[in-house]
Ligand SMILES: [Zn+2]
């Protein structure tokens, strides 16, 4: 089995023993101690609140293209495609002049998702360097999203917990089941090993 995925952590903190995320208990401290942002990837989620041009008025259509479609196109070009032509030129005036082109350059089925399944986070190294890392940001909502993860990132120690079926009776949604390492052996049959549950491929 490959190594377990463990996000890089600051300082000498221990890494979590397992990949299952448990929600933090509600803080019982008084309001004088301001809430600290949570550690880990969730603290670096890409902004979900739209600002600037990305916050295009969904009621403002241009050249027969709906405002919500224009907003989606802007977000797609700036945040997903990131082609120079758009990142350097995209302004309100540009959109008004080139709405058709913007529309044609953006996949028909792209729709902005305010709660994205996958996102890029910036990781900071000790030397001040940064690098981008793609993370799965939340549990998939349905089988279609599970398939998206599997098709795009494959089955590995990082994706298994997202690919497991939540109600699976075999692995209980963990993606792993424990089987005897020495089946039938009178002495060692009680030793178990974790193997991938079949549900991650369903
Ligand atoms: Zn399972």
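Read the figures in this text as sums done on the coordinates, not as results from a lab. Since we're looking at a predicted model, the values are computed, not measured. Because the Cβ atoms are built from the backbone with ideal geometry, glycine has one as well, and the counts that use them run over all protein chains shown.
Here the simple spin-label model places points 7 Å from the Cα toward Cβ, and for residue 58 and residue 157 these points are separated by 4.2 nm. Relative to a virtual label point 7 Å from the Cα of residue 115 in the Cα→beta-carbon direction, which members of region 167-202 show backbone nitrogen distances below 18 Å? Output list for this probe position: 167.
Taking only the C-alpha atoms of region 139-201, the Rg (one decimal) and the largest Cα-Cα distance, Dmax (whole number), read 13.8, 44 Å. Normalised by the number of residues in region 139-201, the mean separation of alpha-carbon contacts (under 8 Å, six or more apart) gives a relative contact order of 26 percent.
With the cut-off at under 14 Å, measuring from each backbone N in region 126-144 to a point 7 Å along the Cα-to-Cβ line of residue 78 picks out no residue. Region 170-185 and region 68-102 have Cα centres spaced 50 Å apart.
Taking 0.36 nm per residue of separation and subtracting the current Cα-Cα distance, fully stretching the chain between residue 130 and residue 187 would add 15.4 nm. More than 18 angstrom separation, counting every C-alpha pair in region 41-138; what % is that? It works out to 51 percent of all Cα pairs. For the peptides 192-201, 148-157, 177-186, the ranking by mean Cβ contacts within 10 Å, running from highest to lowest, is 192-201, 148-157, 177-186. Across all C-alpha atoms in region 43-202, the radius of gyration and Dmax reach 22.2, 78 Å.
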